[in-house]
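For reference, the structure discussed in these notes is given below.
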Amino acid sequence: MRRVAIVLAFMGVALCALAQVPAGADPVPGPVVHTRAGDVGGFVEGSVVEWRAIPYAAPPVGNLRWRPPAPAEPWDGVRLSPDFAPQCSQLVAEAQAGGSEDCLYLNVFAPVGRQASDSLPVMVHLHGGGNLGFRPYRNADAFVERDVIVVTLGYRLGAFGFAGHPELTEEGDGSSGEYGVLDQIAALHWVQENIAGFGGDPDNVTLFGESAGSVDAVAIAASPLGKGLFARLAAQSGYFFALHGRGTIADAESLGSNIAEVVGCSDHADVVGCLRSVPAEDIVVGAESSLGLVNGYSPWVGGQVLPKSPLELIGSDVSPVPMLVGSTREEAAFFAAVDGVLPPGDNYPAFGRARDLNGVSGPQNGRHVRELYPVDAYESAYWATVAVNSDAVYTCPMRRLALANRAPVYRYLYTHGYDNVPDPVTLAAKAAHFFEEPVLWHDPDLLFGLDFEFSADEEVLADRMADYWTNFAKNGNPNGPGVETWLPFTAGAENIKVLDEPAGDLIGYHKAECTFFDRVPDLYAPAQVYTPVATGH
């Protein structure tokens, strides 16, 4: 249970995910837009109009728990939501559940003065958090100021979004445990049906996300169910391809069977009916905590969403979408800190390097990996090991995705470490996992609620990244006036844009290392990279 608390604290879920709209002046009423389910009223916040907590599906409670999303019930009059919807049910502290199962709502952010006829590009965001926690972002100013419309959404997390069961599979025509991704697909359908009324172009939608949000976005891009719902994809630090599609519907069923046993439903005559009657808190606290389900979830292979592994589907796609993909250089420093291994690694035991390298490559490959990442090429054994895990779980899998796609790809490596954050662990973690998100969104509050302001270099980097992402959303190419040229990534020229201040360019970053990891048949999940495994040489 100690590890649960560390994970939640470091991710900021316990503090950030429960935060509601700050107290203050009442929001100024904005335009009313008609949707298929009813009229919604917006609120003006500076130069942005926000429509908050719009239902895109029915609340997945009671008999709708562990079912595909159902249509939202129509309403009369104008729906006004001054507050954002609660985040989806999740563990927010040790033995403490938060949020609500009634969470299938989305938010729309658009420029003030937009017209329904404007047909602005649309960016639909899937948040990170391991498909286990966190909430939709609430500050999209950096993108909206560049004349795009942003949609953020909540979707079922943890056991509610990703647990299956043999009886649920029978009920669901051959698959179960896909509810969270099906929620995201339902939201994309909502965008297709309604976004024109907000001034958006349904034919110019970019799906983007970080970490688990990237994993889900790539799964939807690969899925037959995602076809025609968006025109391009931006994927940041998605670890899915490190696992080589090993998680299957059978694994989802096993997960649900274990949960049924923990909550006392396994011997019930109607197991699914029993599971649907268990209080949400008992599922989140009792099942997820006791089963150690704190490392996150990925979409399952072999069901309706992913009938095959995503790389197989993307590699054979006859109508692929342009992609912007990449990772941070020291991804694994985030998860090292989660496990109590903190920079500069003074508490990193000598055996830890061999242990952790074996964890991602297998004991039989440990010596070769240590040759690829010699300690004297890094500041310490700690940082050499961070490099190994970052490559194995993020950098090389994202390269794998870039090589598989048959449409234009733009690849990046984020290398910036924060200049003046007040937390020494965060300051020392360099370009760790998730650290690009506050810069991309131009929102320091996203960095675990730390009280700081961006440095002058970070302000420049934030503007550059927002330009790149919105340029890509507008025309499938991040290049445009005022930004350094970003060359496309191809198998013949593995061009990579370095996102830092100043910006830079790389060719074939860690190509030899990634070629090796492409041959490793299996890896641990990202948050498990630093757990003890058998030591070998």
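The values are calculated or read from the model by the stated rules, or taken from the named source; none is laboratory data. Note that the structure is a prediction, hence the values are computed from the model and not measured. Here the Cβ positions follow ideal geometry from the backbone for every residue, glycine too, while neighbour counts run over all protein chains shown. Heavy atoms of the whole protein, side chains included, go into the accessibility calculation; ligands, DNA and RNA do not. Shrake-Rupley method; radii C 1.70, N 1.55, O 1.52, S 1.80 Å.
Protection proxy ranking of 208-217, 62-71, 187-196, 400-409, by the mean of other Cβ atoms within 10 Å over each peptide's residues and highest first, is 208-217, 187-196, 400-409, 62-71.
With a 1.4 Å probe and every protein chain kept in, tell me what percent of the accessible surface of the range 87-162 is carbon plus sulfur. Reported share for carbon and sulfur atoms: 41 percent. Taking the average, over residues, of other Cβ atoms within 10 Å as the packing measure, peptides 414-422, 254-262, 364-372, 299-307 rank 299-307, 254-262, 414-422, 364-372 from highest down. In the context of the full set of protein chains, the chain has a per residue accessible area of 35 Å² (1.4 Å probe). Each Cα pair under 8 Å and six or more residues apart adds its sequence gap; the mean of these over the residue count of the chain is a relative contact order of 14 percent. Filter the DSSP H helices in the chain by two things, a Kyte-Doolittle mean of at least -1.0 and an axial alpha-carbon span of 24 angstrom or more, and list the hits by number. Answer set is 456-475. Size of the chain from its Cα atoms: along the principal axes, largest to smallest, the extents are 68, 64, 48 Å. Beta bridges per DSSP, both residues in the chain: antiparallel share near 45 percent. For the range 264-287 and the range 134-196, write down the distance between their C-alpha centroids in whole Å. The range 264-287 and the range 134-196 have Cα centres separated by 24 Å.
Computed over the range 163-262, the alpha-carbon pair-distance distribution with 10 angstrom bins reads 15, 38, 31, 14, 2, each value a whole percent. The charge dipole of the chain, taken about its Cα centre with unit charges on the Cβ of Lys, Arg, Asp and Glu (plus for the first two, minus for the last two), comes to roughly 1180 debye.
Considering the dipole of the range 23-104 built from charges on the beta carbon (Lys and Arg +1, Asp and Glu -1) around the Cα centre, which of 53, 93, 66 is farthest to its positive end? Towards the positive end, the residue furthest out is 66.
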